[in-house]
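The values are calculated or read from the model by the stated rules, or taken from the named source; none is laboratory data. Note that the structure is predicted; figures quoted are calculated from it, not measured. Here the Cβ positions follow ideal geometry from the backbone for every residue, glycine too, while neighbour counts run over all protein chains shown. Remember, those area values only see protein heavy atoms, side chains included, never the ligands or the DNA or RNA. Shrake-Rupley method; radii C 1.70, N 1.55, O 1.52, S 1.80 Å.
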Amino acid sequence: MVAATVAAAIAADEAERARGRRAALSFATIAVVLGLPLWWKTTETYRAALPYADINGLGQQPVQLVVPIAVVFGPGSVPADLPRPLPFRDVQEMEISVNLRTSVMSRYEMLYRSTTGQEEAALAAATAREADAALHPLQDTTLGSLTMYVVPETSSLLPQGINVYVGKHRSALVRAGGSLAALQAQLREVTEVMSFTASSIAAALSDRVPGGQLRPDARRYLKSSLGYEITFSLLNPDPKSHTVDWDIEGAVNRYVKPVLDKLSLVANFSVDSQILYYAVLGVTPRYDKESSSFLLSAHSLPHVINPVEARLGSSAASLYPVLNFLLYVPERSHSPLYIQDKDGAPVSTNAFHSPRWGGIMVYNVEAPASPQASLPLHVDVDMARVMEVFLAQLRLLFGLSWEEVPPKFLLESPGNEGLADWELDHLLWAHTVENIATVSTTLTSLAQLLDKIGNIVIKDDVASEVYRAVASVQSAVTELSLGHLHAAFQASKEAVTSSERAFFDPSLLHLLYFPDDQKFAIYIPLFLPMAVPILLSLAKIVRETRQHTKEPTKMD
């Protein structure tokens, strides 16, 4: 009876131990099979897929700039050595090498034809300006396209000594040069003036060009941007002596608005103005006894901007580049004030410009006829003269200069619009190429950053912006190869917008500064109380199993 009771107790105890082992193994199995994968999945850093291969290929993607050109021969201007009868097509290509890995191919698709009846009537005008105005409705107005009318060598349409007349739109009058080779050489010069040159493309890709291969002024032009802010400031350091009145609103509407309306295709512009009192230049001018005036030398001009810029306060909260145009009325004790160039000669406009910043003009006030004149003196600013200087500086900031025009070229003034149609195309060519390069650099930097740091979250909206930027860049390159400048520029702007949204998305920084010690501080209090009993039970099971295997088996 006692033996039976003992055996039953031993059996019950063994069953209880077996049940405990099964329970411990079940908890461990559930924790390992279900708990750990579930925890790993719910706490992993979400990283949406990105087109890394496409991004890496953007830098090596060939860019081809196609310029459609119509060469129209007037009566008596057809060269005798044409390869075949009119009309016919020809293609000329030229490679623009930027660096060892980057090159741009320019392709000029030429259509040679004769004039129509309407074009012949327009070319019979008395002057080149009248002919250009009459030919404008008959031309292809597509952005990036050019039309060149070849007139006889003895034509009186062009002034004496002038071989090329470039109008306000997208056409030029070219004097026939005898042979086709001479004419093509002249047409090549006209094309570079009216579209792009190797130097302008290199300036647009200045970040990729070795510094020694760039022109001195290549980095002076404004970088391509989706928008610009223009600030006109009147600096009156001596309000006790001068009461300055400037009609800035009327001047902006009359002189600046037509220019910005035309540039609205390139970027968005906003204009504001301000008057700053007691704002001095920060540089003491030198008094010249011979001229009884004060002088600012060329080497002192860079020191003028910094003290003034601290008072402007316009670029602190701006998302876009700010262009500052300052009209400075010198104080009475430093009047008149003149700016000198590097050779010591007075600057005719009494103004200077700073690359990628803006310009300053000194506006001198005539001294009163009587020394006993009451102060302050009332000054009415000649806004036409001031705006002429500021608009010229604006053109220089955008790289629109006529200093590199070949000899025997005559360029028609754009008038109130501030820039000709072909100058707008010149900006679009350069900005489109620059936008493509900028997006390629931005996406490559972003891809390298995300590949290097694995705990950065990549959300779906960030990935979609990256995909959109890649697709827009590829579309821009395709449109350029088809000669569609407007569509290519719009696609490049969309690519810049998407790439900047992806690169500066705040979600990329959420887990960037989440160190390992914080992970341990969070997970140890959560998992340790649960893991210790399971681990101890598993250790006990292993120990009992080993002990059981060591016990000798009883033989009856």
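Just one of (1) 24.2; (2) 26.1; (3) 30.0 is Kirkwood radius over Cα pairs in Å calculated from these coordinates, so which is it?
Checked against the structure: label (3).
Once you place label points 7 Å from the Cα toward the Cβ at Val347 and Asp261, how far apart are they in nm?
Label at Val347, label at Asp261, 3.1 nm between them.
Mind ordering 486-493, 305-312 by average Cβ neighbours within 10 Å, highest first?
In decreasing order of mean packing, 486-493, 305-312 become 486-493, 305-312.
Out of Gly161, Ala122, Thr545, whose Cα points farthest toward the positive end of the dipole of the chain (charges: +1 Lys, Arg; -1 Asp, Glu; placed on Cβ)?
My answer, from the dipole projection, is Thr545.
Using only Cα atoms, find the angle between the long axis of helix 383-397 and the longest principal axis of the chain, and express it within 0 to 90 degrees, rounded to the nearest 10.
With rounding to tens, the tilt is 50 degrees.
How far apart, in nanometres, would the label points at Asn253 and His303 be if each is projected 7 angstrom from Cα along the Cα-to-Cβ direction?
4.3 nm
Amide H to amide H under 5 Å from Gly359: which residues, 5+ apart in sequence or cross-chain, H placed 1.01 Å off N in plane?
Close amide H contacts, sequence-distant or interchain: Asn324, Phe325, Leu326, Ser354.
Using a 10 Å cut-off on Cβ atoms, rank the peptides 144-153, 119-128 from the highest mean neighbour count down.
Descending mean neighbour count gives 144-153, 119-128.
For helix 460-481, what angle does its Cα long axis make with the longest principal axis of the chain, in degrees from 0 to 90 and rounded to 10?
40 degrees
Treat the stretch 256-361 as a sphere of radius equal to its Kirkwood radius over Cα pairs and apply Stokes-Einstein at 20 °C in a medium of 1.002 mPa s; give the translational diffusion coefficient in µm²/s, rounded to a whole number.
137 µm²/s
Cα-Cα over 24 Å: which of Lys342/Lys408; Lys223/Lys493; Lys168/Lys262? Display every interim value, and only then the final one.
Working: Lys342/Lys408 29 Å; Lys223/Lys493 13 Å; Lys168/Lys262 13 Å.
Check vs 24 Å cut-off fails for Lys342/Lys408.
Whenever you get a sec, compute what percent of the accessible area on the stretch 129-262 sits on carbon and sulfur atoms (1.4 Å probe).
After summing per-atom areas, the C and S share lands at 49 percent.
Need one number: % antiparallel among DSSP beta bridges in the chain, to the nearest 5. Provide the component values of the computation, followed by the final result.
Values: 21 of 75 bridges.
If I count the DSSP bridges inside the chain, around 30 percent turn out antiparallel.
Between Leu377 and Leu319, what FRET efficiency follows from the Cβ-Cβ distance if R0 is 41 Å, with the result rounded to 0.05?
E between Leu377 and Leu319, to the nearest 0.05, is 0.55.
Could you provide, to the nearest whole Å², the per residue accessible area of the chain with probe 1.4 Å? The partial results should precede the final answer.
Details: 29750 Å² over 556 residues.
Accessible area per residue, the chain: 54 Å².
So how do 269-280, 428-439 stack up, highest first, on mean other-Cβ count within 10 Å?
Packing proxy ranking, top to bottom: 428-439, 269-280.
Could you work out the helix-only [θ] at 222 nm for the chain, with each DSSP H run of four or more residues adding -39,500 (n - 2.57) and the total divided by the number of residues, to the nearest 500 deg cm²/dmol?
Helix-only estimate at 222 nm: -13500 deg cm²/dmol.
Between helix 180-194 and the chain, what is the angle of the helix's C-alpha long axis to the longest principal axis, kept within 0 to 90° and rounded to the nearest 10?
Computed tilt is about 70 degrees.
Given the C-alpha centroids of the stretch 70-99 and the stretch 246-281, what is the distance between them in whole angstrom?
The stretch 70-99 and the stretch 246-281 have Cα centres separated by 43 Å.
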